[in-house]
Amino acid sequence: MPNKAPGDEMSKHRYANAKRAADYTIDQRWESYSAEEHDRWDRLFKRQSELLPGRTCDTFLKSLDGLRLSDGGIPDMDRLSDRLEKRTDWRIVPVADLVPDEVFFEHLANKRFPAAAFIRSEDQLDYLQEPDVFHDIFGHAPLLSDPVFSDFMQAYGRGGLRAMKRGNLHFLARLYWYTVEFGIIRTKEGERIYGAGILSSPTECQFALDDASPHRVGFDLERIMRTRYIIDDFQRTYFIIESFEDLLAACYQDFDSLYDKLEGMGDVVPEAIIPGDMVWSRGTQDYFASKAVGFV
Ligand code: HBI
Ligand code: FE
């Protein structure tokens, strides 16, 4: 395979046999990344950061700068964490892959964000479904240095542990999906992206704000928790928050009674507009017309 860079075979599975601690963390072995892998980070970083002005919020842009994620190659998570810790007490801890839900929440509740240590291969530059180091660090680390978002993420971790015990995780997971991963925020200058899943994708960065297909609907916790989502395509509906303070404030309520209520309400499909929605723009859904439905 002439186009395969040396080391590519390794990139996804380089940590497959890594020694894993009880909390699923591994040794990032920063010195073991190849020059080609560091260069791949630099190219992903450059391409993505050039798209961001006018598309993401100032908080994200400032934090991205402040954390110096473009220092040269894939960040060393220990050194990055030292910078982040000074701001909001969070650390980024290396993991090999997706970790079990309970482990994930336990980390968040203790202000540790688990980040995949491998970088996507050259033929997955535009899209891969699972999180890699670029998605996890470029997408998630910046907002962790914002005090309000930091509190939200910690509250989410605590809430996750409780929701699991009740068997209601699917409701709470939708909140994460439609905010932390695919959220849009309204600012004085207009709608801006803050969701990591959008911010780490070159195509969705444009689609989420500019395309006529998706609906854009005001954030409503109950509505979001009823809404199913699609994991392998652009979102049919984006939810817009007014501020991170609002997002955090929505978490200060009794989730147990909310879950009880939701149990009796039925799910909403990803492309629906329902009574009570604060519709900022009703999408044409044209982009999705030819697609098979495969939501979870
Ligand atoms: N593990 N490493 C990692 N990253 C995630 O984003 C993640 C995970 N495990 C579980 C999980 N996310 C989700 O199930 C929760 O958001 C609901
Ligand atoms: Fe993510």
11 Å beta-carbon shell around THR237, net charge (K/R +1, D/E -1): +3
Across bins of 5 angstrom width beginning at 0, how are the C-alpha pair distances of the stretch 32-288 distributed, in whole percent? 1, 6, 14, 18, 20, 18, 13, 7, 3, 1, 0
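Just the C-alpha atoms of the stretch 1-151: what Rg/Rh do they give, with Rh taken as the Kirkwood radius? Kindly include the intermediate steps, with their values, before the conclusion.
Values: Rg = 15.1 Å, Rh = 15.9 Å.
Dividing the radius of gyration by the Kirkwood radius yields 0.95.
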Hey, could you pull the Cα Rg and Dmax for the stretch 158-296, both in Å? 14.7, 42
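Of LYS46/LYS86; LYS261/LYS291; LYS19/LYS62, which sit over 28 Å apart, Cα to Cα?
Violating the 28 Å Cα-Cα cut-off are LYS261/LYS291; LYS19/LYS62.
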How much of the DSSP beta bridge set in the stretch 150-296 is antiparallel, as a percent to the nearest 5? 45
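At 222 nm, what helix-only mean residue ellipticity would the chain give, in deg cm²/dmol to the nearest 500, using -39500 (n - 2.57) for each DSSP H run of four or more? Before the final figure, lay out the partial values.
Numbers: 13 runs with 116 residues, N = 296.
It comes out at -11000 deg cm²/dmol, rounded to the nearest 500.
Just the accessible area per residue of the stretch 32-288, please: how many Å² with a 1.4 Å probe? Don't skip to the answer; put the middle values down first.
Working: 10390 Å² over 257 residues.
Value for the stretch 32-288: 40 Å² per residue.
What order do you get for 143-156, 192-205, 51-64 when each peptide is scored by the mean count of other beta carbon atoms within 10 Å, highest first?
Values: 143-156: 20.1, 192-205: 21.9, 51-64: 17.6.
Highest-to-lowest ranking by the protection proxy: 192-205, 143-156, 51-64.
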Let a ≥ b ≥ c be the square roots of the eigenvalues of the Cα gyration tensor of the stretch 58-126; is it rounded (a/c under 1.5), or, if not, prolate (a/b larger than b/c) or oblate? oblate
Quick check: net charge around ALA272, other residues with Cβ under 15 Å of its Cβ, Lys/Arg +1 and Asp/Glu -1? +2
Of all accessible surface on the chain at a 1.4 Å probe, what whole percent is carbon and sulfur? 50
Count the net charge of all other residues whose Cβ sits under 11 Å from the Cβ of GLY195, scoring Lys and Arg as +1 and Asp and Glu as -1. -1
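The values are calculated or read from the model by the stated rules, or taken from the named source; none is laboratory data. This one's a predicted model, so the numbers in the text were calculated from it and none came from an experiment. Note: ideal-geometry Cβ built from the backbone for every residue, glycine included; neighbour counts use all protein chains shown. Calculation scope for accessible area: heavy atoms of the full protein, side chains included, ligands and nucleic acids excluded. Shrake-Rupley method; radii C 1.70, N 1.55, O 1.52, S 1.80 Å.
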